[in-house]
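Nothing in this text is a laboratory measurement; each read-out follows from the coordinates by a stated rule. Since the model is a prediction, treat every value here as computed from it, not as a measurement. Because the Cβ atoms are built from the backbone with ideal geometry, glycine has one as well, and the counts that use them run over all protein chains shown.
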């Protein structure tokens, strides 16, 4: 699984609230993510490589590696599509 390149400073500017709300202070927008999304964003902010993020998520969720890989790619694409990373 390849690492999707991203703007770490842009990602770190996001404010994440426990309820899954993400605030983008650059443009004042709010986005909603689930618990897995919060964990993915926090791991990306810590510069963890994608395989390590998958391993962390596998410890917390009863899903397949393939499903988590797909979720991670989808989340990264969504963040990039919304100019959040």
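Taken together, the criteria place residue 79 among residues that are in a helix (DSSP H, G or I), in contact (Cβ under 8 Å) with a residue 24 or more places away in the chain and touching a helix residue (DSSP H, G or I) at 6+ places or on another chain (Cβ under 9 Å).
Suppose we keep only residues that are in contact (Cβ under 8 Å) with a residue 24 or more places away in the chain and either under 9 Å from the mean Cα position of the chain (by Cα) or under 10 Å from residue 84 (Cα atoms) (or both) within region 6-21. Which one would you say is surrounded by the most Cβ atoms within 10 Å (Cβ to Cβ)? Filtering region 6-21 for residues that are in contact (Cβ under 8 Å) with a residue 24 or more places away in the chain and either under 9 Å from the mean Cα position of the chain (by Cα) or under 10 Å from residue 84 (Cα atoms) (or both), the one surrounded by the most Cβ atoms within 10 Å (Cβ to Cβ) comes out as 14. Do you know which residues across region 22-67 are touching a residue at least 24 places away in the same chain (Cβ under 8 Å) and in a helix (DSSP H, G or I)? 36, 37, 40, 41, 42, 44, 45, 50, 51, 54 - these are the residues of region 22-67 that are touching a residue at least 24 places away in the same chain (Cβ under 8 Å) and in a helix (DSSP H, G or I).
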